[in-house]
Amino acid sequence: MTRIASSARLVLAVSLLAAFAFVLLGPILNLALWSVAERWYTPHKLPVTYGTRYWEQVFRPTGDAMASLGTSVWIAVLTVVFALALSIPAGYALARLKLPMRALFMLMFLLPQAFPSVAIYINVARIFYQLGINGTVFAVVLVHTTHGLVFSVWIAAAAFAAVDKDLELAARNMGASPMRAFLTVTLPLAAPGILASGIFVFLESLDEFTGTFFVGVPQVTTLPLLLYNAAMGGNYQVASITALILLVPSVLFMLFIERFLRADVLAKVGA
Amino acid sequence: MNLSQRHLGLILIAPGLMLVAALFLYPLGFSLVSAFSKDGSFTLEWFSKAFELYSTDIVFTVVIVVASCALTALAAIIIAGTLTLGENRYIVGTLRALYRWPLFIPFIVAAQCMRTFLAKNGLMNNTFVSMGLIEPLQAVSFLDWRGIIATFVWKQTPFVALLLAGALASIDRATLEAGRNLGASRVRVLFELALPQVMPTLMVALVLSFVTMLSVLSVPMMVSGSQPTMLTVDMAFRINAYGDYATANALGVITYLISAGAAILYLKRGLSEGAAR
Amino acid sequence: MRILTIACSLAALMAASPLAAQTLNVASAGDQNMVDYVKDYLGPMFEKANPGVKVVSVGTGAGDSGSQKIYEKLDAQKGSATTDFDVVVIHQKATGQMVKEGLLDKYTANVATAKLATGEAARNALGTDVSGFVIPMFQSQTALAYNADMVKAPPSTFAELADWAKKNPKQFGYNGIKGGMSGVSFVAGWVYAFGGDAEKLMKGPYDAATKTTWDKAFADLKEFNKVATITPGNAGTLDMLNRGEIAMGPVWVDMFYSWQADGKLPPNMKLKLISPGMPGQPMYYAVPAKAGQKKLAEAFIALATSPQVQADGIVKKFNWYPGIDAANLEGKLDKAAWDKLFVDVTPADLAKNGKAFPIAPYFNDILEGYEKKVSN
């Protein structure tokens, strides 16, 4: 009896998993299909003709898809470095030191995610034109960093909070200076969590369109700029291919970072 | 020590705060001024216009985002719970390999995928028809509020699940085992023992998702027709069709107040926890 | 670490700055195909004729929002010595605004081909006098696309369409007014048809009281919406036609042809321009007032509006109606390519039913009236 029950449960679990996989991967499969569909219309349920015509179009010599991809990844990496550089001290302060108005500060980092950004970027562009830095990679990185900071600060704060205080104290008792204790004990222990926050910053930066347009274009063009036009105009093939290309650095970055992910660090996010 | 710690804290947090202040708060000031003034004097005219024209859309937006968050939370709890408490290695392994993929798809692409996937004659319904699950005549289009919610849940669940799974993995296994040994079902262990311990993480992940969904333009724009629609679309429309930044900014303030409502949940928790410390 | 970062981005900055002696930045508000038109066709041609020049083409998004972005960017740069863009390709609405605010250069006297474009569109953008500031790149037009397999006898007037939609519920789809210009154009056409004096809406003068006469038209449209499908955007309408979910809907003629060329529409789709007519609009070539490369920009536009390029690029390659007067294309184009443009919508149809959009204040009244009385 129990055997039947348990195998019934297994069947149920497997079919639930299959349904889940369909919901999850269906849209992505759809994307992949469109990227190789040369003709696809009613009443055909699948593409009428397949081909690589649009791949060739995206990778044509004048298409600069690869150059834009390079710029995108470069900006995303810089943004991660920048955001982490800012959020390591901030996260440490939020986690370890007595701060007045701690919740308010945490909330402030959330703001750039919360307020719709178009109106803000116009003003940011104005400021950057006055400073003469519009149209530089640096300007784009600054804007992306502001936007992604909430992830890195909140997660860095969590990572520092997760480090056992006793270890730090032990190092101090053995005569290490506060800085040395931080660099040799606290930072290495918190590093996995801090790096994990990099994923979200990286993804935010890689997707960003509006800010890049206002502070980067025409000197700096990223892949989402190409994607945005194609997607809004309903050019499914080109948009799908561009999206698939964007997937590559995201996944690679995730795999790279994953080696450093530690469960107990994720536990304290936002605490 | 305490005084200097306080100063040190402020010094450490200053660079990040300054960046946000310079590139966000300062430009935000302009938007606020334009939302509250006309020809240099204070007015609420733009707000009354925003309410007159978009009251339905405000309600619509709140309902969509709250519903999406609720469903996202549910889906993420199921996924993270299975990952933590699942006993079949293969199922857990498959799930772990699968669930993160939507995280990497930009919103605009997710919107485009869903537009062709959820349509009446889209890939989803076509698959169901081919499998004999539904009759062709029963196929309905989901390209309305349901489509928006589906896209949001699809895109945000991995994010919440990722954080939640991490949190669940780190809680004390012994309590969970004890619960199991006392004969509690896995569902009960998850909801009564595990979840309360990771509530803070779940809340924060949801607050972040809430704010993200509120600010996305491409999904409501591309997935559903425009009546009614979400506030981001209205804002873009005010600007693109009329060059009317004042009303757009007023709508921005309203959106911000909605997210502040969500953030207060977080704040309250942070404050009560701070008091308890 | 931070110093390293700054050093890195400075290095990147230097690497990113163009090596070519001169760069011509062209910004196009429009679909991908318009950006690619400059990138793949015009740009290389211009670079070949002007060694040492590099053409950079950027797109700012389809529809009026794309033009608005260009406007916002130029506006943000008011304080700078030169603007980022040297040539802009923009819609009528933004053009009027930019001319009024002095953001554009009065350049056409320096470009010989300007004389080839003598139509109303070269002088008047939704009621704003833009003569001297623009040369049309191409003309486009909205029309009803329909699936000839599903619709044997397409309606030929707005009144017939309303009946048809009632008999075939949910088979007509359009994208409201927030999802792109094809829906806006349909609504404008509706008001032309049922709202009274269409001529006055297109020519002016503006009278704020006129909008009160549209109440019935809007009430009818609200009824009509109940039997219509609201689609997600310009592309959304075509999308639903692609999957056979709707049988008819308003589309841009050029988008229609490029979707058909991309294999995204059934082969038996046809176009029809119903009376009393639907609006169309040109895209304009303009030069920002503070463009850094004005001479190059003028040379570029001269090339882009030359009869040969208009024939080969605009008509033959992209199925757009030419921006300069059609008579100038004679002899530059084989008859087949020219005729392809007018298979469904004949020149006579265009002359009779190809309308302009209403002048800007009426335009806003129509949109806001729709928001208040139809969609809210």
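Shielding of peptide C:143-150 by partners, expressed as the average count of other chain Cβ atoms within 10 Å per residue Cβ, is 1.
Taking a point 7 angstrom from the Cα of C:R123 along the C-beta vector, which residues in the range C:253-294 have backbone N less than 20 Å away? What the label zone holds, given the 20 Å backbone N cut-off, is C:280-286. Per residue of B:231-238, other chain Cβ atoms within 10 Å of the residue Cβ number 3 on average.
The amide H of C:Y321, built 1.01 Å from its N in the peptide plane, has C:Q139 as neighbours under 5 Å, considering only residues 5 or more places off or on other chains.
If you filter the range A:1-77 for chymotrypsin sites (Phe, Trp or Tyr not before Pro), then keep DSSP loop positions with at most 16 other Cβ within 10 Å, what is left?
Numbers: sites: A:F20, A:F22, A:W34, A:W40, A:Y41, A:Y50, A:Y54, A:W55, A:F59, A:W74; in loops: A:W40, A:Y41, A:F59.
Those satisfying the criteria are A:F59.
Starting with the fewest neighbours, write out B:R173, B:R186 ranked by other beta-carbon atoms found within 10 Å of each beta-carbon. Intermediate results must be reported in sequence, preceding the final value.
Details: B:R173 10, B:R186 17.
In increasing order of surrounding Cβ atoms, one gets B:R173, B:R186.
Taking 7 Å steps out from each Cα toward its Cβ at C:A209 and A:M66 produces label points 6.8 nm apart.
Taking the Cα centre of chain A as origin, sum charge times position over the Cβ atoms of Lys and Arg (+1) and Asp and Glu (-1), and report the length of that vector in debye to the nearest 20. Each step should come with its number before you reach the end.
Details: 16 positive and 11 negative charges, 103 e Å.
Roughly 500 debye, rounded to the nearest 20.
Anisotropy class assigned to chain B is oblate, per the alpha carbon gyration tensor with a/c at or over the 1.5 cut-off and a/b no larger than b/c.
Using the beta-carbon distance between A:V11 and C:N168 and R0 = 51 Å, what value does 1/(1 + (r/R0)^6) give for FRET efficiency, to the nearest 0.05? Each step should come with its number before you reach the end.
Details: r = 45 Å, r/R0 = 0.89.
Rounded to the nearest 0.05, the efficiency is 0.65.
Summarising the amide proton neighbourhood of C:L104: residues at separation of 5 or more, or on other chains, whose placed amide H is nearer than 5 Å comprise C:A289. Per residue, the convex hull spanned by the Cα atoms of chain A measures out at 207 cubic angstrom. Neighbouring Cβ atoms from other chains, within 10 Å of the Cβ of residues in A:39-49, number 6 on average. Partners of B:K120 within straight-line reach, counting aspartates and glutamates whose Cα lies under 20 Å from its Cα and excluding those fewer than 8 residues away in the same chain: B:E135, B:D144, C:D149, C:D239, C:E245.
How do C:V184, B:V233 line up, fewest other C-beta atoms within 10 Å first? It would help to have the intermediate numbers written out before the result.
Details: C:V184 27, B:V233 24.
Neighbour counts put them in this order, fewest first: B:V233, C:V184.
Taking all Cα pairs closer than 8 Å and separated by 6 or more residues, the relative contact order of the range A:2-51 comes to 21 percent.
Database remark: amide H of B:S37 closer than 5 angstrom to the amide H of B:T43 (H placed geometrically; neighbours at sequence offset of 5 or more, or on other chains; Pro and chain starts carry no H). For the range C:103-118, backbone phi angles converted through the Karplus equation (6.51, -1.76, 1.60; θ = phi - 60°) give residue-by-residue couplings of 8, 10, 9, 8, 10, 5, 4, 8, 10, 4, 5, 4, 5, 7, 10, 10 Hz, Gly and Pro being listed as x.
Summed over qualifying helices (DSSP H, 4 residues or more, each -39500 (n - 2.57)) and divided by its residue number, chain C shows a 222 nm mean residue ellipticity of -11500 deg cm²/dmol.
Taking the fewest neighbouring Cβ atoms within 10 Å as the starting point, the ordered list for A:H144, A:H44 is A:H44, A:H144. Computed from Cα positions, the angle between helix A:102-114 and the longest principal axis of chain A comes to roughly 20 degrees. Pair-distance distribution P(r) for the protein assembly as shown, from all Cα-Cα distances in 10 Å bins starting at 0: 2, 12, 21, 24, 20, 12, 6, 2, 1, 0 percent.
Take the cross-link list B:K38/C:K178; C:K178/C:K340; C:K226/C:K352 and give me the ones stretching past 28 Å between alpha-carbons. Walk me through the numbers before you get to the answer.
Values: B:K38/C:K178 26 Å; C:K178/C:K340 32 Å; C:K226/C:K352 30 Å.
Violating the 28 Å limit, Cα to Cα: C:K178/C:K340; C:K226/C:K352.
Readers should treat all values here as calculations from the given coordinates under stated rules, not as data from a laboratory. None of the values given here were measured: they were computed from a predicted structure. When we count neighbours, we look across all protein chains shown, and the Cβ atoms used for this are built from the backbone with ideal geometry, even at glycine.
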